[in-house]
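S.K.: Okay, handing you the structure first.
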């Protein structure tokens, strides 16, 4: 038997009222249902708000069956899903103010849903399937636990809005898991406010494309068999500490909990935390955290340990200028089965080429490596390039690879290092015909050695000057005989700073 309303009105003057429609379905067909504050309306079966109907809920609407909204559903009241069998929720184009999960048989979304105030877990799991659940900046999630949480086995994800400076600050929990395991994440963003999303998959893969895993599982390889996918609405600007949780049942039998770390999948490979491994926190469940994360694009994260195929643990990676070269250094905290390291370079941070190979040392302990990219700064000046980018790819003996993040060396105008003791540098005239001068500011008294080199690196001119704090001028004389072309001016400061500039001879 179904109950069908053409128009129902519960007066706001009623301070306490309850209507129960037992196990019958409730259909609102063209009517207007108003539930005032302090009033409860219960549907013991399915609830359908048909096209052309309205519901304004400022009280409590409890539903034991499936709930479907095809029209207008507004108000600041609560919807409680409290069936004894599995339920579905479809809010159509409308949001829900307060949603209460109280069904041990669980409930599933049949449409993407927005929560305006509170999602409260009393019993059971909320299954997203292929739909997203969004929690606006003013809303929150309460009382989730290992038996009552959000299931993200499908393509749907949990989105929480406005996390970061001037928005939701502190640690924000994402109570997500699979149908059989609770694996929440938490995010603390001290950077730009953003809408962040998290979902978790009950396995860990070799490769990922747009957050979708493929290429076989990495189970039984000294890791936690879970993948967390994190995304942001606006790229960049975040400064996030990410914490992931798992239980002992999620671990491979050879997982080393005392030497574990969060790894992220980037540029086609798993990349371990640059600070190396450490002991997991907690006592079943366990946690690990990783700080300084700034960009998320459906980025997969996992938990690896010493000896896992989640990569060699890089402990350091840096690039500095040495004359006309880029000096590249990196270190590993541990390394297993590593064959060699490929040094990759790019001038656009997208297209990388291998410029050198360094053999891996044949031990599993901490190791340090270096490589010099010869005369790359000369190439940058000739081509009028601003940045050069590097990354290190580790190649295992079985051909598997992993990469570091990207490091850059930047040209500031015509110089390859940011001005420090020497500032506001200007070469004039540039281009020059006979002689030219360097005008510059110093923040202290210091000797400066000036050099002029051709594009092959050959020294043409060398002179020193005792610069004083404030404005200085150094004249390069007797250079009218030089052939037309591009030359480099080097300023070597007494404190060890080196700056490089470009001058053109007409």
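The values are calculated or read from the model by the stated rules, or taken from the named source; none is laboratory data. Because the structure is predicted, anything quoted here is derived from the model rather than measured. Reconstructed Cβ throughout: ideal geometry from the backbone, glycine too, with neighbour counts over all protein chains shown.
S.K.: Take the residues in the range 179-189 that are at pLDDT 95 or above and in a loop (DSSP other than H, G, I, E, B); name whichever of them is farthest from residue 289 (Cα to Cα). Talk me through it step by step, then tell me what you get.
M.R.: Start the filter on the range 179-189 by keeping residues that are at pLDDT 95 or above, which leaves 181-189.
Next cut, in a loop (DSSP other than H, G, I, E, B) only: 181, 183-184.
Numbers: 181: 20, 183: 14, 184: 12 Å.
Result: 181.
S.K.: Of the residues 220, 210, 197, only one is at pLDDT 90 or above and either within 17 Å of the chain's Cα centre (by Cα) or farther than 20 Å from residue 289 by Cα (or both); which?
M.R.: Numbers: 220 fails: at pLDDT 90 or above; 210 fails: at pLDDT 90 or above.
After applying the criteria, what remains is 197.
So that you can scan it fast, the table gives a plain yes or no per residue for (1) at pLDDT 95 or above; (2) out of contact with any helix residue (DSSP H, G or I) (no Cβ under 9 Å at 6 or more places or on another chain); (3) closer than 28 Å to residue 160 by Cβ:
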residue	(1), (2), (3)
10	no, yes, no
14	no, yes, no
17	no, yes, no
46	no, yes, no
49	no, yes, yes
102	yes, yes, yes
107	yes, yes, yes
115	yes, yes, yes
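S.K.: Related question: Can residue 251 be described as modelled with pLDDT of 90 or more and either closer than 23 Å to residue 402 by Cα or touching a helix residue (DSSP H, G or I) at 6+ places or on another chain (Cβ under 6 Å) (or both)? Spell out the reasoning first.
M.R.: Details: modelled with pLDDT of 90 or more: yes; either closer than 23 Å to residue 402 by Cα or touching a helix residue (DSSP H, G or I) at 6+ places or on another chain (Cβ under 6 Å) (or both): yes.
In short, yes.
S.K.: Restricting the range 364-406 to residues that are out of contact with any strand residue (DSSP E or B) (no Cβ under 8 Å at 6 or more places or on another chain) and closer than 25 Å to residue 503 by Cβ, which is surrounded by the fewest Cβ atoms within 10 Å (Cβ to Cβ)?
M.R.: Once the filter is applied, the top-ranked residue is 383.
S.K.: Tally up the residues in the range 191-212 that are surrounded by fewer than 22 Cβ atoms within 10 Å (Cβ to Cβ) and more than 20 Å from residue 232 (Cβ to Cβ), please.
M.R.: 5
S.K.: Let me ask another. In the list 80, 39, 68, which residue meets the criterion of being buried (at least 18 other Cβ atoms within 10 Å of the Cβ), in the same structural domain as residue 120 (by TED's automatic domain parsing) and within 20 Å of residue 151 (Cα to Cα)?
M.R.: Values: 39 fails: within 20 Å of residue 151 (Cα to Cα); 68 fails: within 20 Å of residue 151 (Cα to Cα).
Of 80, 39, 68, the one residue that is buried (at least 18 other Cβ atoms within 10 Å of the Cβ), in the same structural domain as residue 120 (by TED's automatic domain parsing) and within 20 Å of residue 151 (Cα to Cα) is 80.
S.K.: Still on this structure, please answer the following. Scan the range 234-252 for residues that are touching a strand residue (DSSP E or B) at 6+ places or on another chain (Cβ under 6 Å), free of Cβ contacts under 8 Å to residues at least 40 places away in the same chain and either exposed (fewer than 15 other Cβ atoms within 10 Å of the Cβ) or closer than 17 Å to residue 175 by Cα (or both) and report the count.
M.R.: The number of residues fulfilling the criteria is 0.
S.K.: Of these, 164, 156, which one is under 21 Å from the mean Cα position of the chain (by Cα), buried (at least 20 other Cβ atoms within 10 Å of the Cβ) and on the phi > 0 side of the Ramachandran plot?
M.R.: Values: 156 fails: on the phi > 0 side of the Ramachandran plot.
Exactly one residue qualifies, and that residue is 164.
S.K.: Any residue that is assigned by TED's automatic domain parsing to the domain that holds residue 241, within 21 Å of residue 247 (Cα to Cα) and buried (at least 22 other Cβ atoms within 10 Å of the Cβ) - is there at least one of those in the range 122-132? Outline the logic, then answer.
M.R.: Residues of the range 122-132 assigned by TED's automatic domain parsing to the domain that holds residue 241: none.
Checking the range 122-132: not a single residue is assigned by TED's automatic domain parsing to the domain that holds residue 241, within 21 Å of residue 247 (Cα to Cα) and buried (at least 22 other Cβ atoms within 10 Å of the Cβ).
S.K.: Return a yes/no flag: does the range 222-233 have any residue that is assigned by TED's automatic domain parsing to the domain that holds residue 295, closer than 22 Å to residue 128 by Cβ and surrounded by fewer than 17 Cβ atoms within 10 Å (Cβ to Cβ).
M.R.: Within the range 222-233, one or more residues are assigned by TED's automatic domain parsing to the domain that holds residue 295, closer than 22 Å to residue 128 by Cβ and surrounded by fewer than 17 Cβ atoms within 10 Å (Cβ to Cβ).
Yes/no per residue for (1) part of a strand (DSSP E or B); (2) modelled with pLDDT of 80 or more:
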{"position": "399", "(1), (2)": "no, no"}
{"position": "408", "(1), (2)": "yes, no"}
{"position": "419", "(1), (2)": "no, no"}
{"position": "425", "(1), (2)": "yes, no"}
{"position": "430", "(1), (2)": "no, yes"}
{"position": "438", "(1), (2)": "yes, yes"}
